[in-house]
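Q: Before I ask anything, here is the structure I am working with.
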Amino acid sequence: MQPGESCPLDEAYCRRTIAIDSQLAIEDAHASTEIPDTAIETFGLGAYIGAKVIVGGEVYGTACFADTEPREDPFVDAERFFVELIADSVGKPSNGGATNENSHSTKSG
């Protein structure tokens, strides 16, 4: 998908991710019952890992990583944790951005 594009949820790998309480890790989409055939046909991804992004208590979307090829090895705990960390970070409200009212710089010269 390209920026600004969307697809029906029925055709997305993320459909199942949104429906469960934890991240979804699929090493081989073709062998999985978690991913609908329409998603495989539409995107042709072999491996997928994703987690829900929650904003204001509501599902906003997902943070996910995918590959066109299936994985030979299962996702490890560190990979699963990383996806959860990204999803949690994206969903958290901003703490004021890059500015800080208590900081300033002075130039002596």
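Q: Given ALA31, ALA25, ALA12, which one is of a type outside the set (S, T, N, Q), over 21 Å from ALA78 (Cβ atoms) and either at pLDDT 80 or above or in contact with a Pro (Cβ under 6 Å, 6 or more places away or on another chain) (or both)?
A: From the options ALA31, ALA25, ALA12, the qualifying one is ALA31.
Q: What are the residues in segment 73-109 that are outside any helix (DSSP H, G or I) and at pLDDT 95 or above, if any?
A: ASP73, PRO74, PHE75, VAL76
Q: Restricting attention to segment 33-46, which residues are closer than 10 Å to TYR13 by Cβ and of a type outside the set (Asp, Glu)?
A: ILE35, PRO36, ALA39, ILE40, THR42, PHE43, LEU45
Q: What pairs can you find where one residue is in segment 8-26 and aromatic (Phe, Trp, Tyr), the other is outside any loop (DSSP other than H, G, I, E, B) and modelled with pLDDT under 85, and their Cβ atoms are less than 6 Å apart, with a gap of 6+ or different chains?
A: That search, which allows pairs on different chains as well, returns TYR13/ALA39.
Q: Restricting to segment 20-33, name every residue that is more than 14 Å from PRO70 (Cβ to Cβ), touching a helix residue (DSSP H, G or I) at 6+ places or on another chain (Cβ under 6 Å) and outside any strand (DSSP E or B).
A: GLN23
Q: What number of residues within segment 19-44 satisfy the criterion of being farther than 18 Å from ILE86 by Cβ and surrounded by 15 or more Cβ atoms within 10 Å (Cβ to Cβ)?
A: Residues meeting the conditions: 10.
Q: Here's something else I'd like to know. Filter segment 34-61 down to residues that are part of a loop (DSSP other than H, G, I, E, B) and either among the small types (Gly, Ala, Ser) or at pLDDT 85 or above (or both), then give me how many there are.
A: Adding up the residues that qualify gives 5.
Q: Next up: Which one is surrounded by the most Cβ atoms within 10 Å (Cβ to Cβ), of the residues in segment 63-92 that are under 12 Å from LYS52 (Cα atoms) and acidic (Asp, Glu)?
A: Only one residue tops the list, namely GLU84.
The values are calculated or read from the model by the stated rules, or taken from the named source; none is laboratory data. These numbers were taken from a predicted model, which means no experiment stands behind them. Every residue, glycine among them, receives a Cβ derived from its backbone with ideal geometry; neighbour counts consider all protein chains shown.
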